[in-house]
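First comes the structure, then the notes that go with it.
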Protein chains: 2
Amino acid sequence: MYAHTTSKIALPSHLQPSSLSAALDSVPLQPVSFFSAGTEIYAQGEKAGAFYQIEFGAVRIYRLLADGRRQISAFHLAGETFGFEADTTHHFFAEAINATGVRVFRLTAGADMSRQLLPLALKGLTRAQEHLLVLGRQNAIERVAAFLVDMVERQGGLRQVELPMSRMDIGDYLGLTIETVSRVFTRLKDNGVIRLLNLRSIEILKQDVLQDMGE
Amino acid sequence: MYAHTTSKIALPSHLQPSSLSAALDSVPLQPVSFFSAGTEIYAQGEKAGAFYQIEFGAVRIYRLLADGRRQISAFHLAGETFGFEADTTHHFFAEAINATGVRVFRLTAGADMSRQLLPLALKGLTRAQEHLLVLGRQNAIERVAAFLVDMVERQGGLRQVELPMSRMDIGDYLGLTIETVSRVFTRLKDNGVIRLLNLRSIEILKQDVLQDMGE
DNA sequence: CGCCTCGTTGACTGAATTCAAACCCTGTGG
DNA sequence: CCACAGGGTTTGAATTCAGTCAACGAGGCG
């Protein structure tokens, strides 16, 4: 696994440490580890004991069934934090989607981080529960719309959105096949809701329509 | 809303405060509030600021879409804790499924409960993320099997399982219709995997088969 | 006893998957 | 500079699993 270390990097304004991450301001700054595209950050069953803040890049958190079916439970973008566990072992896999830099905060035996971690855990819990509604009760168009709206919001509400992940990743996040994801993108394009600039970046033409679709 | 107060009640052994709840041992014991079947404990949008431990009964946590579609994100049984929020407002609804007694722990401005709440939040996060796999990637039989296995485990691994909730609730938890839930129960019955003692209690005849189905 | 809700069963429909083929970026090497 | 891979993506046709609509059955409560 490719991973080495460097110093702090400047981030665009909307990627600056958020109110959530601000909770970690009191913690001594850690060096940055690099992960190239597709490399594992941790695996299910591995011993846990750290959490991770993304400096740049994107990460997918997922689980597998025995026959290879995969469910991505979350994407994490620059500025976000992930990796804390209820147990002493990881219950999920974490992989870099693209070249990614993460700050690793090791949990030392003595120090109590619960005050910093609780708001992050609660935010994650709310997000997961909201995603349950999407997977349990929304159809393909609504799922993709909800995903795009979420990506827009997390990238500062700009018209143009970068999708760091493949169609396969999007499908495995939304509980759909790549074909269905592709067909929905085409449908949104034909209806003038979005415009595909290239495979990984789209322009939102009708934000309101998208918003309504994703509820 | 029907809710009044009484003193502590004895619980069967497998419903005794678990290791999780044990974290609350240091907190002064609160009186018990009663909620009759179908009554609201809190609503989405309401001001949060407490958490709840179930003495007896069962609770559903859910969200609604504008057109009435409902997704139950979690069931909580006796001994379990719920209701903490990332925000100062509730993002979900909580309702008593049956006659239910809950101990309400109000979060006071000064006291810091993060040490007690973090493990509960992390456990909830793991459960929610595992449920995402069920909703995103498993078919109807697998979903019901996973649900039954979960209920068995939470009721101490006994052969006989009580289902405090209706088929509608199960459907809204598993992202299925009541008809599909009913058909799957019938299929499991016909295959000799379970036996329906009555509508709300089933006997597990082939635990291993069920386990494999739910992955 | 009879109502009324909840659950089951059946026939049909439809949205998403599966299987298969074509297309198109993006990087590589001639 | 252009041809050529090769992966990822799109499109099409056929299939299937769960949903919908509708009728029937069973259990619980007044």
Next on the checklist: I'd like to check something: does region B:173-192 contain any residue that is touching a residue at least 60 places away in the same chain (Cβ under 8 Å), on the phi < 0 side of the Ramachandran plot and among the charged types (D, E, K, R)?
Outcome noted: no
Next on the checklist: Against the condition aliphatic (A, V, I, L, M), open to solvent by less than 20 Å² (accessible area, probe 1.4 Å), assigned by TED's automatic domain parsing to the domain that holds B:LEU197 and in contact with a Lys or Arg (Cβ under 6 Å, 6 or more places away or on another chain), how does B:LEU163 come out, does it pass?
Outcome noted: yes
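Please go through region B:48-73 and give me each residue that is more than 18 Å from B:ARG103 (Cα to Cα) and in a strand (DSSP E or B), ordered by number. Give the steps one after another, and end with the answer.
First pass over region B:48-73, keeping only residues more than 18 Å from B:ARG103 (Cα to Cα): B:62-73.
Those that are more than 18 Å from B:ARG103 (Cα to Cα) and in a strand (DSSP E or B): B:TYR62, B:ARG63, B:LEU64, B:ARG70, B:GLN71, B:ILE72, B:SER73.
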Next on the checklist: touching a Lys or Arg at 6+ places or on another chain (Cβ under 9 Å) and outside the structural domain of A:GLU153 (by TED's automatic domain parsing): is that true of A:PHE93 in this structure?
Outcome noted: yes
Item to check | Condition broken by A:THR100, with the remaining ones in (1) open to solvent by 20 Å² or more (accessible area, probe 1.4 Å); (2) more than 14 Å from DNA strand C (Cβ to nearest atom) satisfied | outcome: (1)
Item to check | B:VAL134 vs. criteria within 16 Å of DNA strand D (Cβ to nearest atom), within 14 Å of chain A (Cβ to nearest Cβ) and closer than 29 Å to A:THR81 by Cβ | outcome: yes
Next on the checklist: With the structure loaded, tell me whether A:THR39 is surrounded by fewer than 21 Cβ atoms within 10 Å (Cβ to Cβ), closer than 27 Å to A:LEU176 by Cα and touching a Phe, Trp or Tyr at 6+ places or on another chain (Cβ under 8 Å) or whether it fails that test.
Outcome noted: yes
Next on the checklist: Only one of B:LEU199, B:LEU158, B:LEU120 is more than 16 Å from DNA strand D (Cβ to nearest atom) and over 22 Å from A:GLN44 (Cα atoms). Can you tell me which?
Outcome noted: B:LEU158
Checklist entry - Applying the selection to region A:82-100, what residues are within 13 Å of another protein chain (Cβ to nearest Cβ) and not in a loop (DSSP other than H, G, I, E, B)? => result A:PHE82, A:THR89, A:PHE93, A:ALA94
Checklist entry - Before we move on, is B:ARG115 more than 9 Å from chain A (Cβ to nearest Cβ), over 17 Å from the mean Cα position of the chain (by Cα), open to solvent by 40 Å² or more (accessible area, probe 1.4 Å) and more than 16 Å from DNA strand D (Cβ to nearest atom)? => result no
Checklist outcome for this item: Cβ pairs under 8 Å, 6+ apart or interchain, first in region A:74-87 and open to solvent by 40 Å² or more (accessible area, probe 1.4 Å), second in a strand (DSSP E or B) and aliphatic (A, V, I, L, M), ordered by first then second residue, are A:GLU80/A:ILE54
Checklist entry - If you scan region B:189-215, which residues turn out to be within 13 Å of DNA strand C (Cβ to nearest atom), open to solvent by less than 80 Å² (accessible area, probe 1.4 Å) and farther than 30 Å from B:LEU64 by Cα? => result B:ILE194, B:LEU196, B:LEU197
Item to check | Residue ID - nearest to B:ALA74 (Cα to Cα), chosen from residues in region B:138-160 that are open to solvent by less than 20 Å² (accessible area, probe 1.4 Å) and within 13 Å of DNA strand C (Cβ to nearest atom) | outcome: B:VAL144
Item to check | Unique residue being on the phi > 0 side of the Ramachandran plot, modelled with pLDDT under 95 and either of a type in the set (Asp, Glu) or open to solvent by less than 70 Å² (accessible area, probe 1.4 Å) (or both) when the list is A:GLY45, A:GLY49 | outcome: A:GLY49
Next on the checklist: Under 9 Å between Cβ atoms, which residue pairs at least 6 apart in sequence (or on different chains) link something in region A:203-215 that is more than 15 Å from A:GLU162 (Cα to Cα) with a partner that is acidic (Asp, Glu)?
Outcome noted: A:MET213/A:GLU142; A:GLY214/A:GLU142; A:GLY214/A:ASP150; A:GLU215/A:GLU142; A:GLU215/B:ASP67
Item to check | B:LEU176 being modelled with pLDDT of 95 or more, open to solvent by 10 Å² or more (accessible area, probe 1.4 Å), over 30 Å from A:MET113 (Cβ atoms) and in contact with a helix residue (DSSP H, G or I) (Cβ under 7 Å, 6 or more places away or on another chain) | outcome: yes
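Please specify each residue of region B:114-132 satisfying the condition of being in contact (Cβ under 8 Å) with a residue 60 or more places away in the chain and among the aliphatic types (A, V, I, L, M).
Residues satisfying the conditions are B:LEU117, B:LEU120.
The values are calculated or read from the model by the stated rules, or taken from the named source; none is laboratory data. No experiment lies behind these values; they were computed from the predicted model shown. Neighbour counts are summed over all protein chains in view; Cβ atoms, including those assigned to glycine, are modelled from backbone coordinates with ideal geometry. When the accessible area is computed, the model is the full protein with side chains, heavy atoms only, and any ligands, DNA or RNA have been set aside. Shrake-Rupley method; radii C 1.70, N 1.55, O 1.52, S 1.80 Å.
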